[in-house]
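Peer 1: What follows is a structure written as structure tokens; I'll ask about it next.
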Amino acid sequence: MAVEYVVFFVCAVIVVLGGLGVIMSRNPVHSALSLVATLFAIAVLFLNLGAQLLAAVQVIVYTGAIVVLILFVMMLLGVDTDDDLETEPIVGQRLLAGIVGLVVLGSVLAVLIIGGTDAVTGARSVTQSIAADGYENINQLGRQLFTTYVFALEITAGLLTIAVVGAVVLSRRAKDVQPIPEPESMTDQGDEPVIGSEPARSVDEGGH
Amino acid sequence: MDNLELAYLALGAFLFALGGVGLLVRRNPLVMIMCVELMLNAVNLTFVTFGKMLDDISGQVIVFFVLVVAAAEVVVGLALVVAMARRRPGADADDLRLLRG
């Protein structure tokens, strides 16, 4: 019991400091590294809560794939220069953002303080009790994913496909820096009847 | 034990608010994406805690779907950043208007 408290407090400190590091670092690379610390501490918290599979997935997917992808894009674009955090682009932006954050935090904390554990209402063990009948965590999650939630699982497969197609379309290299031009008609690309000196051009293009 | 679970919920709320403030304050689109990740992780932590408090495995199953949505969001967001930075290097959030077709 005491171990759970110690693990929670250590990881909570790492989560909070990492989160502050994400939003307060001048350099985006430092933000990404702070994000790694936060996500890793959350993975440990998942372990502390008894979600072993989610802890592994958190490390593999988030810190292993998503943050690396963000860092890869940073290096690709060369945007690892310091941001200017001194000037405030919109007057009062930070004050208003801080107020919004405090309102969100305060309202949730108020619910927790006033309601206590009664704040979380709902029927217990509707889908399946955790560790029911000697199921392991991963075994239980897999069964639920492919029985109760199988339709949602199929939908997420479609979502991932759409995301991949969208990413390819969005990051396609345009011919110039202007908005992507209309596709040219085929007759402008050498499929027109050969007349005059036109063949010489195509030979030159094919030569190199 | 119950106090510890409430502490998890409070930590999730704090992380959510922190990510929201960062999303509102920062101008760099990459940092904004990272702040969205913070918010999604705060919700994940809350879901797992709810699942434990209600003794239901669904809290952990939903985190899987949040993970998939987060991955899709990052992929599309980074593609937008790449498309924007190609038109103007060092672009910030205001330059997203460059992408208007």
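Peer 1: Extent of segment A:74-152 along each principal axis, from alpha carbon coordinates, in Å, largest to smallest?
Peer 2: 59, 45, 23
Peer 1: What's the extension gain from A:S107 to A:R173 if we count 0.36 nm per residue and subtract their Cα-Cα distance?
Peer 2: Length gained, A:S107 through A:R173: 19.2 nm.
Peer 1: Sticking with this structure for a sec: Assuming a viscosity of 1.306 mPa s and a temperature of 10 °C, what translational diffusion coefficient in µm² per second does Stokes-Einstein assign to the protein assembly as shown, Rh being the Kirkwood radius over Cα pairs?
Peer 2: Rounded, D is 72 µm²/s.
Peer 1: So how much slack lies between A:A123 and A:T81, counting 0.36 nm per residue of separation and subtracting their Cα-Cα distance, in nm?
Peer 2: 10.0 nm
Peer 1: Could you quote the convex hull projected area for segment A:1-142, Cα atoms only and averaged over all directions, in nm²?
Peer 2: 12.0
Peer 1: What translational diffusion coefficient, in µm²/s and rounded to a whole number, does the Stokes-Einstein relation yield for segment A:133-174 at 10 °C and a viscosity of 1.306 mPa s, taking the hydrodynamic radius as the Kirkwood radius over Cα pairs?
Peer 2: The Stokes-Einstein estimate is 128 µm²/s.
Peer 1: Would you compute the Debye intensity of chain B from its alpha-carbon atoms alone, equal scatterers and no solvent, and pass along log10 I(q)/I(0) at q = 0.13 Å⁻¹ to two decimals?
Peer 2: For chain B, the Cα-only Debye profile gives -0.56.
Peer 1: How large is ³J(HN,Hα), in whole Hz, for each residue of segment A:150-155 in order, when computed from phi with the Karplus curve 6.51 cos²θ - 1.76 cosθ + 1.60 and θ = phi - 60°, using x for Gly and Pro?
Peer 2: 5, 5, 4, 4, 5, 5
Peer 1: Relative to the compact-globule scaling 2.2 N^0.38 Å, provide the ratio for the alpha-carbon radius of gyration of segment A:1-81.
Peer 2: Cα Rg divided by the expected 2.2 N^0.38 Å: 1.20.
Since every read-out is calculated from the coordinates, none of them should be taken as a lab result. These numbers were taken from a predicted model, which means no experiment stands behind them.
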